[in-house]
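Heads up: the structure comes next, in structure tokens.
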Amino acid sequence: MRNLRIVSICLLLLIVVGVSVAQEQRKEIYVYTDSDTNISDWWTNVIIPGFEAAHPEYDVVLTIVRGVGGGNADLAGRALAALETGDDPQVDYFETIGVDSVKEWVDAGLFLEITEENVPNIANVVEATNRLPQEIPYRGSQVLLAYDSEFVAEDEVPTTYAELIEWINAHPGEFVYNRPDRGGSGAAMVTRAIFEVTGQDPSLFVPGEFEAELVDQFPKAWELLGSIHESIYEEGSYPAGNTPVLELFANGSVHMITAWSDQALQAMNNGLLPETTKLTQLQDLPFTGGYAYSAIPSNAGNVEGALALANYVLSPEVQEAVVESIGGFPAISWEGLPAELQTQFSDVITETVPTWPGGDYGAAMVEGWYNNVATNIDPASD
Amino acid sequence: MTTLQTSPPSSAWSRWRGAILAYVLVAPPLLLMVLLIFIPALQSIVRTLTIDVEGQSGFSFSRYVAFFNDPISVSNLVFTFQIVFLTLIIIFIVCFPLAIYLRFAQGRIAAAVQILVLFPLFVPGIILCYALIRFLGTRGTLDTVLSIFGVTEYRTPYLKPDAIIIGLVWESIPFTVLVLTAGLRQISDSLIESARDVGAGDWTIFRRIILPLITRPVLIAFSLNFLGIFGSYTVPYLLGPAAPQMMGVFMQQTFGQYRRPDDAETQAVITFLICSLVGLLYVRTVASQRIQQEDE
């Protein structure tokens, strides 16, 4: 009886050792994503088959944790726990994660620093991505102007914010943006007004900080946006989302809108927008945007595979797909992409991608807009 | 309840048992109500009436004074009342004839109308909103059809108060018609026939017999619709203007976007108090019906 017990314990130990040895050499790359369906579909249908064809030695296992608890952040928590105990976190690659969003992750060195040595293609990533050493920016999106060239003459297309305001007032009812809290495309119109009145310097707005002096200047932005209120679609009607704005543009109710590059490009590719639709970006200071950053846990069980995957997503091949399949912006310079694609998007290519800090600034922005621009109640009558 | 009524009054114990059983049966919902609605509501009311002065809490109306001194809050509250009453008036104008028709008509067409009337019950609010945007919007279905007939001055109600009313009326039709038809069915045919025998016309029958007998269903439809419309969110948010806003949208905005939970709480308590007044009307209407039925 006792012998049996010893034998079974030995067997169990053997299995455990065997499994962990197998893990050391495993070829699977565990990728986790909590992004929208368009991104997870794109990984399943384009990136993973492409990568496995180029690297037959690896097997990518994609797990979608969108809407499950904290998404990727929960798995990063698991990776941190594994780092402390020296276990395999069973995560090799986060499709998107804010590597500095939790202090413990930074302190523990949870994420691997990406250099030209371990990911050669990181050298091609543009400055505008403003990446931390652990971040792998690989796709971007920016708000821009979409207009119908059938109704907007080429020489009339605004190139600065001041010209845009002028154009809107000269063409009442032909422009629309959504409420700033209901979608980034409308928010960009409002934040750009704030940047306009604070000296066109987005770097003044630091995330996590709150400068009352800056907020004191917001009323000038309300004045600016109030000056076009009556000229907005249906004398100041603001839809409640990015999609309703695109719909108004699609059915010809308006001829110019602010739109997310990826949503506009995807709608254009699917033939949902007028064929004469063109995209353009302001030349003085572009609208806000942002990049998605991937990261690799430093204790990943398959670091080598993860690094190979990172290098692959930054290859011109995948970066081209970022533009063509999901309508995003590439993270590498446009020069690295086919000339044909460059001319097609020449009007929207920008090296600067301003960001809006949100937080308390965001609350002040939204409330100020609702109380001053949307209501159009004269503040003096309070 | 049944045990209570059928048990013979001879045994005091069995009467007691019946009473206890009745209380045990109503306890879970009652407990849920108290724990999840009454206590939090009471806490909110108390919180909105207290202020912190140098670490000491005192009684104050300051939050309400602030609410009623803010032109935007007041305009949102007034706007909510306007939408609610306009919607209710239109609901009754639309639903009364429908209910009377469904009560007295028979045959295939009536059955078809019945199905059509109930149809909105099965359409989720968000789907309705997007359908209405497509239907009522600029260059939408209605606009296109009108322009075929040469009407080009169509102005879309989308993102205006009118669109909220259209959406809410559409959503409220099935419930209102159901309540009104149920009320009308309680009026027996013989009553109307005998009135007709003594020479009463249609109008007299409606005014002297039908109207007095369906006051209660009308009150029920009024109060329940009032509550639903006053607190509505999806329709005013997707179809209505950015400003003014109905209270539901305004509260969410204040809480989630402006990050001012205290003010959102004050708005919620004001909304709650208004709605509880109408709730009281409903409870009284139903209770008086119960008492009357027991008397009968």
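The values are calculated or read from the model by the stated rules, or taken from the named source; none is laboratory data. Quantities reported herein were computed from a predicted structural model and do not represent experimental measurements. A quick note on method: Cβ atoms are made from the backbone with ideal geometry, for glycine too, and the neighbour counts reach across all protein chains shown. The protein model used for the area step is the full one, side chains on, heavy atoms only, and it has no ligands, DNA or RNA in it. Shrake-Rupley method; radii C 1.70, N 1.55, O 1.52, S 1.80 Å.
One table, with the values for the structure above:
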{"read-out": "Failed item, numbered, when residue A:187 is tested on (1) assigned to a loop (DSSP other than H, G, I, E, B); (2) within 14 Å of another protein chain (Cβ to nearest Cβ)", "value": "(1)"}
{"read-out": "Test: residue B:171 is out of contact with any strand residue (DSSP E or B) (no Cβ under 8 Å at 6 or more places or on another chain), free of Cβ contacts under 8 Å to residues at least 40 places away in the same chain and among the acidic types (Asp, Glu)", "value": "no"}
{"read-out": "Count of residues meeting criterion [open to solvent by 20 Å² or more (accessible area, probe 1.4 Å) and under 22 Å from residue A:108 (Cβ atoms)] in segment A:295-317", "value": "6"}
{"read-out": "Residue that is farthest from the other protein chains (Cβ to nearest Cβ), among those in segment B:218-263 that are of a type in the set (Phe, Trp, Tyr) and open to solvent by 40 Å² or more (accessible area, probe 1.4 Å)", "value": "B:222"}
{"read-out": "Residues (modelled with pLDDT under 90 and either closer than 14 Å to residue B:174 by Cα or small (Gly, Ala, Ser) (or both)) located in segment B:104-120", "value": "B:105, B:107"}
{"read-out": "Matching residues in segment A:166-210 - criterion: being at pLDDT below 95, surrounded by fewer than 16 Cβ atoms within 10 Å (Cβ to Cβ) and of a type in the set (S, T, N, Q)", "value": "A:200, A:203"}
{"read-out": "Among the residues listed as A:131, A:78, the single one being modelled with pLDDT under 95 and assigned to a loop (DSSP other than H, G, I, E, B)", "value": "A:131"}
{"read-out": "Failed item in (1) over 24 Å from the mean Cα position of the chain (by Cα); (2) within 13 Å of another protein chain (Cβ to nearest Cβ); (3) more than 23 Å from residue B:118 (Cβ to Cβ), with residue B:158 passing the rest", "value": "(1)"}
{"read-out": "Of all residues in segment B:93-120 being β-branched (Val, Ile, Thr) and within 15 Å of residue B:178 (Cβ to Cβ), the one that is least open to solvent (accessible area, probe 1.4 Å)", "value": "B:117"}
{"read-out": "Selection count where residues are open to solvent by 100 Å² or more (accessible area, probe 1.4 Å) and of a type in the set (Lys, Arg), scope segment B:37-69", "value": "1"}
{"read-out": "Selection status of residue B:126, among the hydrophobic types (A, V, I, L, M, F, W, C) and either open to solvent by less than 60 Å² (accessible area, probe 1.4 Å) or farther than 22 Å from residue B:181 by Cα (or both)", "value": "yes"}
{"read-out": "Flag for residue A:341 being more than 14 Å from chain B (Cβ to nearest Cβ), of a type in the set (A, V, I, L, M), under 25 Å from residue A:157 (Cβ atoms) and not in a strand (DSSP E or B)", "value": "yes"}
{"read-out": "Filter result (in contact with a Leu (Cβ under 7 Å, 6 or more places away or on another chain) and aliphatic (A, V, I, L, M)) within segment B:10-44", "value": "B:19, B:22"}
{"read-out": "Test: residue in segment A:328-344 that is at pLDDT below 80 and open to solvent by less than 50 Å² (accessible area, probe 1.4 Å)", "value": "no"}
{"read-out": "Filtered residues of segment A:359-372 (kept if under 20 Å from the mean Cα position of the chain (by Cα) and either of a type in the set (A, V, I, L, M, F, W, C) or away from chain B (no Cβ under 11 Å) (or both))", "value": "A:361"}
{"read-out": "Failed condition for residue A:266, given (1) touching a residue at least 24 places away in the same chain (Cβ under 8 Å); (2) open to solvent by 10 Å² or more (accessible area, probe 1.4 Å); (3) under 29 Å from residue B:160 (Cα atoms)", "value": "(3)"}
{"read-out": "Search result, residues across segment B:171-201 that are open to solvent by 80 Å² or more (accessible area, probe 1.4 Å) and aromatic (Phe, Trp, Tyr)", "value": "none"}
{"read-out": "Failed condition for residue B:266, given (1) of a type in the set (Val, Ile, Thr); (2) open to solvent by 60 Å² or more (accessible area, probe 1.4 Å); (3) at pLDDT 90 or above; (4) farther than 26 Å from residue B:93 by Cβ", "value": "(2)"}
{"read-out": "Segment A:4-40, residues that are loosely packed, with under 14 Cβ neighbours inside 10 Å and either at pLDDT 80 or above or closer than 18 Å to residue A:323 by Cα (or both)", "value": "A:27, A:36, A:37"}
{"read-out": "Residues (open to solvent by less than 40 Å² (accessible area, probe 1.4 Å) and not in a loop (DSSP other than H, G, I, E, B)) located in segment A:95-122", "value": "A:105, A:111, A:121, A:122"}
{"read-out": "Wholly within segment A:206-323, strands (runs of 3 or more DSSP E) carrying at least 1 residues that are within 14 Å of another protein chain (Cβ to nearest Cβ) and under 25 Å from the mean Cα position of the chain (by Cα)", "value": "A:256-260"}
{"read-out": "Where residue A:163 falls short, out of the listed (1) open to solvent by less than 10 Å² (accessible area, probe 1.4 Å); (2) in a helix (DSSP H, G or I); (3) not aromatic (Phe, Trp, Tyr)", "value": "(1)"}
